[in-house]
Ligand SMILES: *Cc1c(COP(=O)(O)O)cnc(C)c1O
């Protein structure tokens, strides 16, 4: 089966096999070796000298951890949102009592860093900015370099949802001054679901020491203490997923971050070209189209649900639909992680014959 959704993503066989390994003591030396090595490679991939932690949860758990470790109830937060996941980040902060100001952009458009500047210059009480690097729901990659430069200018804390970008799209965490960056094992990392990976900057630690939002499981200070002092996690980790991620990270190290980013850029370009060659249009503007997920506008006459069903049943190909208000309006091709240009060719081939069956003849 061709699983081409933006997570979970397919996993190489050699990594899948890691999942069948016997359990070990998560308080023993063997585990310490695994987590220390994995963390070291992750730091290279995050391009950070700060801390990186493995949390047993999906990406959303990592987002919640970022919020509760950085903020106190009543803190003002600027949540920049241009899609479904940007709204989720804002919802989490709001639920824990932050005063959230939502700076919204049309779905399919990128975040405008100038508007972020304007918002920050008008409200000096803002403590932190929440932003989505790659908005998976719309297939848009935001210009995080420019956004982070503005956030640094105003010296705010910057929390980044990089769940579907990190490990596939360049994100130099330290160079851009990102304070907490979140990603998840089932997106670009060629590993199964079960882990969020988060980086924590020096500034984020200062905020962490003051942050009063409730947290027990998510406490970064506990994570740091256990990792640094014992090579452990505070709570029992998803061992099998860690086995797999550790093996995947060795592949990352072998291929090299530059090559991985270049491969995703090629695959992304190929997906966009392929889609256009079928007479379809991208949902986002070209200049911000993502290299990890391609969102395609459903043209007049196309029944998206039917298309996805035909692809799944007759072509063994699984694509994603649109989320929330984009349901029925777009479909999405995931191309992150264990992916090559050949895989995209196969998707385009399948679409070529499936589209007319679903009501679109180009
Ligand atoms: C997948 C995704 C999430 C949610 O992650 P889960 O692992 O499903 O909790 C959040 N943000 C973005 C940008 C994502 O792509």
Task: Mean shadow area of region 176-331 over all directions, Cα convex hull, nm² - done: 13.2
Open item on the list: To check you understand DSSP bridge types, tell me what percent of the beta bridges within region 14-254 (both residues inside) are antiparallel, rounded to 5.
Closed with: 40
Task: FRET efficiency for residue 353 and residue 44, using Cβ-Cβ distance with R0 set to 56 Å, rounded to 0.05 - done: 0.85
- [ ] Mind sorting 179, 345 by how few other Cβ atoms lie within 10 Å of their own Cβ, fewest first?
- [x] 345, 179
Open item on the list: Can you compute the modelled spin-label distance between residue 261 and residue 25, with each label point 7 Å from Cα toward Cβ, in nm?
Closed with: 4.2
Open item on the list: Based only on other Cβ atoms within 10 Å, what is the fewest-to-most ordering of 216, 338?
Closed with: 216, 338
Task: Rh by Kirkwood over Cα pairs, then Stokes-Einstein D for region 101-226 at 1.306 mPa s and 10 °C, µm²/s - done: 102
TODO: Could you compute the FRET efficiency for residue 281 and residue 123, with r as their C-beta to C-beta distance and R0 at 45 Å, rounded to 0.05?
DONE: 0.75
Task: Inter-part distance where region 165-181 and region 116-132 are each reduced to a Cα centre, Å - done: 19
Open item on the list: Can I get the semi-axes of region 248-362's equivalent ellipsoid? Compute them from the C-alpha gyration tensor as square roots of 5 times the eigenvalues, in angstrom, largest first.
Closed with: 26, 15, 13
Open item on the list: I'd like the distance between the alpha-carbon centres of region 137-162 and region 286-315, rounded to an integer number of Å.
Closed with: 28
Open item on the list: Limiting things to C-alpha atoms, what are the Rg and the maximum Cα-Cα separation (Dmax) for region 55-170, in angstroms?
Closed with: 13.0, 39
- [ ] Tell me what the chain gives for mean residue ellipticity at 222 nm when only DSSP H runs of n ≥ 4 count, each as -39,500 (n - 2.57), the sum divided by the residue total, rounded to 500 deg cm²/dmol.
- [x] -13500 deg cm²/dmol
Open item on the list: Quick check on the exposure proxy: order 4, 325, 312 from fewest to most C-beta atoms within 10 angstrom.
Closed with: 325, 312, 4
- [ ] Taking the convex hull of the Cα atoms, report for region 185-262 its projected area averaged over all directions, in nm².
- [x] 6.6
TODO: Send over the per residue convex hull volume for region 14-254, Cα only, as a whole number of Å³.
DONE: 107
Task: Span from the region 183-203 Cα centroid across to the region 317-362 one, whole angstrom - done: 26
- [ ] Give, in nm to one decimal, the length gained when the segment between residue 254 and residue 1 is fully stretched (0.36 nm per residue of separation minus the Cα-Cα distance).
- [x] 88.4 nm
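None of the figures in this text is laboratory data; all of them are computed from the coordinates on show. Source: prediction; values computed, not measured. Neighbour counts run over all protein chains shown; Cβ positions are idealised from the backbone, glycine included.
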